[in-house]
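What follows is a short report on a single structure.
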Amino acid sequence: MAFFNLQTGRVDIPSPLRTLPKNPLRHPSFDGQRTESLGPDDQLSIPDSNVTAFSDVQKIISRDDKVFLRKLIRTDQREFITGTSDASLKATHVLSAIRVDGRHKETKRKLKIMIEEVLTHFWFNNGNAFELDSRPNMILLSANNHAALNTYGLIGLSPGQARLRDIAEQLLRDNADWANRVEGGMDSRRNLDLNAYPYNVDSIEWEVVVFHRDDYLSPGEPSYIVDPRSRTLRGEPVNDEPVNDSVNFCHIPDRPYDDELPLLLDSNDAPLRFKMRTNRKDDEKLSLFAMLVNLHSKLQAYMALTLPQRPSSIRLLYLQVQTVIEYIFFAPPGLNLRAKLDDELPSLQEELLSPVKKTKDKGKGKALDIGNADDDGVEK
């Protein structure tokens with residue numbers, strides 16, 4: 001569930017699970033000679049309080065999720081990373097949804113409205129209203145990539161370091177202009193042109209940063225994709241001419257890197273880069289800022305892990321994205337955005353984010369968790 005961080009003045013999303021799925025082809029705790037589970041270290045699953053990739057695939061899709069999926073199928077048609085189109089596609093929230101259902105329904109409704117107002121203020125949808133349950137905050141992902149991105153944080157989606165530098169430099173200039181306008185008593189709206197470079201999301205070539213290579217794909221296991229140059233939409237002409245360096249699968253790097261980012265590679269061993277093809281209207285375009293907040297949350301979670309070896313390239317990317325996030329949530333001196341938030345948000349979020357309460361399941365004497373809905377709308 002997305003929430004407003006009262007200390008940093010930013011909208012954050014929950015970190016991925018700290019317990020990663022164990023790949024049976026790589027994890028040392030799996031012994032091929034022992035076919036039965038002998039203890040928790042031999043189990044592929046995660047503690048019951050968390051969500052596993054396997055159960056995630058089998059969740060019953062709620063009515064809302066089906067509506068979101070149908071909307072994205074109409075405009076996007078293809079999986080964001082692989083370019084494929086099949087029955088496993090899921091409508092994936094970039095910033096975690098706030099489902100107005102179950103307990104505390106009115107509190108969730110108020111919190112959702114306030115979070116959306118904050119994101120609209122910071123220009124997450126090019127001056128249009130930003131809504132968490134709308135196309136600017138959604139992409140199509142396969143069930144596996146959905147779990148890899150939002151459940152476990154095995155991967156992150158990046159616009160590339162060169163583009164990040166350009167975005168940071170332009171934000172710095174635009175923020176200075178915004179501060180001058182506020183100081184001069186002029187228009188206090190942010191007023192960015194997200195249709196121009198470097199903000200234009202349609203021109204971005206996305207990369208897949210692989211944080212946990214051993215858990216994302218097995219050794220020698222390719223993930224089949226559609227060549228980014230051939231990802232046409234319905235009604236567009238299809239190029240049937242053969243391409244000598246055609247791309248038909250992607251794979252993880254053969255070895256971990258230190259000075260180079262561990263990016264998902266294509267079948268030519270080059271970093272897989274792709275643009276998003278879509279039929280979305282201008283006010284429905286994917287939110288670049290939402291994508292960067294999502295990437296930041298994955299980097300932040302990875303940097304918080306205790307690892308024997310952490311590539312310096314990922315640390316540099318983290319620092320770069322951290323700077324961009326600070327610029328995205330820049331507040332000009334003299335613009336009091338926090339007055340209403342400081343009055344109402346703490347109590348709303350405290351009610352929803354407080355430690356999980358327990359109640360007894362009638363007839364069974366078993367404690368049930370009463371928590372907040374996750375990205376798929378399932379109470380946990």
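Just so it is clear, none of the values below were taken in a lab; they were calculated from the coordinates. All of these numbers come straight from a predicted model, not from anything done at the bench. Note that we place each Cβ from the backbone using ideal geometry, even for glycine, and neighbour counts take in every protein chain shown.
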Q) Could you give the nm distance between label points at S188 and S85, where each point is 7 Å from its Cα heading toward the beta carbon? A) 4.7 nm
(Q) I want the local charge near V11. Using Cβ-Cβ distances under 12 Å, sum +1 for each Lys or Arg and -1 for each Asp or Glu among the other residues. (A) -1
Q | Label-point separation in nm, T19 to E350, each point 7 Å along Cα→Cβ | A | 3.1 nm
Q. Can you work out ³J(HN,Hα) from phi for every residue in segment 307-323, in order, using Karplus 6.51 cos²θ - 1.76 cosθ + 1.60 and θ = phi - 60°, giving whole Hz and x for Gly and Pro?
A. 10, x, 8, 10, x, 5, 5, 6, 4, 5, 5, 4, 5, 5, 5, 4, 5
Q) Dipole magnitude of segment 134-293 about its Cα centre, charges +1 at Lys/Arg Cβ and -1 at Asp/Glu Cβ only, in debye to the nearest 20? A) 640 debye
Q) For Q309, what charge total do you get from the other residues with a beta carbon under 14 Å from its beta carbon, if Lys and Arg give +1 and Asp and Glu give -1? A) +1
**Q.** M303 versus L316: modelled label distance in nm, points set 7 Å from Cα along the beta carbon direction
**A.** 1.5 nm
